[in-house]
Amino acid sequence: MDWLMSAEVYKFVLIGSFVYAALILVGAFMTEAPYGKLGAERGGINLSPRLGWFLMELPATLSFVWFYIHGKNAQALVPMIFLGIWLVHYGNRGFIFPLLMRVAKGSKGTFSIIVVVSGWLVTTLHGYLNAVFISHLSTHITAEWLSDPRFIIGIAIYICGFLLNLQSDSIIRNLRSRQEVESGEKVYRVPEGGLFKYVTNPSYFSELLSFTGFAIATWSLGAVFVLAVSAANLIPRAFQVHHWYQEKFPDYPRERKVLIPFII
């Protein structure tokens, strides 16, 4: 375990992780990730959205906790604050979000096992790079960091993104009534309200906003990796989802941007 926590190994893994993020970006623009709307017509081994999402996100929690508790600063105040933020964030993404999904009864699996397996490497790296830095290698994450403008601004951005993400997920989830879920009817509608007034993919935008805030608050390249790999995956997918809505609904609002309000 000690060698995994060393600065030398950490730097090596960090460099390799950013290379991997670049490869993900290239691959994401070339192919559509087979899950959700874009995975409905694909073959191969598919899982239910609930199970697929849960399995894919699970290593982010397990990896972070495992490496965090082995850090020399694991019991310090500020690292514990970041531990709490991480557990809340991935508790929502990995446990609550899939549990609340409204999946049409009897529908076939649309979450490819390929996505789950490839996601394990990324989410494990998420946990490792952030936990080791926060609880072991960082020198600035002390009690004084609580009054640093980077911590204050970063946390404010993170909270804003997290709340917007919850709102956006709720709007999407409630597009399908419980009656439609029980009947097995698969219905697609144009979401309205919240950030959907401005963009097609507010869940992606708010997720990236959260990771931006976390990266600023921790002032960590490990957190920058989480932001980079999320952007590499979500930005291409945002354009694919936007195109899907435009094809599915001829009257889809033309004023909506793809991802960032008023910009793209």
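The values are calculated or read from the model by the stated rules, or taken from the named source; none is laboratory data. Being a predicted model, the structure only gives us computed values, none of them experimental. Cβ: placed from backbone, ideal geometry, glycine included. Neighbour counts: every protein chain shown. With ligands, DNA and RNA removed, areas are computed over all heavy atoms of the protein, side chains included. Shrake-Rupley method; radii C 1.70, N 1.55, O 1.52, S 1.80 Å.
Here are a few things to note about the model shown:
- Test: residue in the stretch 143-157 that is in contact (Cβ under 8 Å) with a residue 24 or more places away in the chain and of a type in the set (S, T, N, Q): no
- Within the span defined as the stretch 205-222, one or more residues are at pLDDT 95 or above, within 25 Å of Gly119 (Cβ to Cβ) and of a type in the set (D, E, K, R).
- Residue in the stretch 56-65 that is at pLDDT 90 or above, over 30 Å from Lys248 (Cβ atoms) and aromatic (Phe, Trp, Tyr) present: yes
- Being of a type outside the set (A, V, I, L, M), under 30 Å from Ala76 (Cα atoms) and in a helix (DSSP H, G or I) holds for only one residue in Phe151, Phe205, Phe196, Phe239, and it is Phe151.
- Within the stretch 191-209, considering residues that are touching a Gly at 6+ places or on another chain (Cβ under 9 Å) and open to solvent by 10 Å² or more (accessible area, probe 1.4 Å), the one nearest to Leu259 (Cα to Cα): Phe205
- Of the residues making up the stretch 242-264, just one is part of a helix (DSSP H, G or I) and of a type in the set (Asp, Glu), namely Glu247.
- Any hit, the stretch 66-78, residues being at pLDDT 90 or above, part of a helix (DSSP H, G or I) and open to solvent by 40 Å² or more (accessible area, probe 1.4 Å): yes
- Search result, residues across the stretch 210-247 that are surrounded by 21 or more Cβ atoms within 10 Å (Cβ to Cβ) and of a type in the set (Phe, Trp, Tyr): Phe211, Phe214, Phe225
- The residues of the stretch 108-129 that are open to solvent by less than 60 Å² (accessible area, probe 1.4 Å), at pLDDT below 90 and in contact with a Pro (Cβ under 9 Å, 6 or more places away or on another chain), listed by number, are Gly109, Thr110, Phe111, Ser112, Val115, Gly119.
- Taking residues in the stretch 191-209 that are under 16 Å from Tyr252 (Cβ atoms), and partners anywhere that are open to solvent by 20 Å² or more (accessible area, probe 1.4 Å) and charged (D, E, K, R), the pairs with Cβ atoms closer than 7 Å and at least 6 places apart or on different chains are Tyr198/Lys257; Val199/Lys257.
- Close pairs (6 angstrom Cβ cut-off, 6 or more residues apart or separate chains): within 21 Å of Ser138 (Cβ to Cβ) in the stretch 54-75, of a type in the set (A, V, I, L, M, F, W, C) anywhere: Phe64/Trp86; Phe64/Ala131; Phe67/Ala131; Phe67/Val132; Tyr68/Ala74; Tyr68/Leu83; Tyr68/Ala131; His70/Met1
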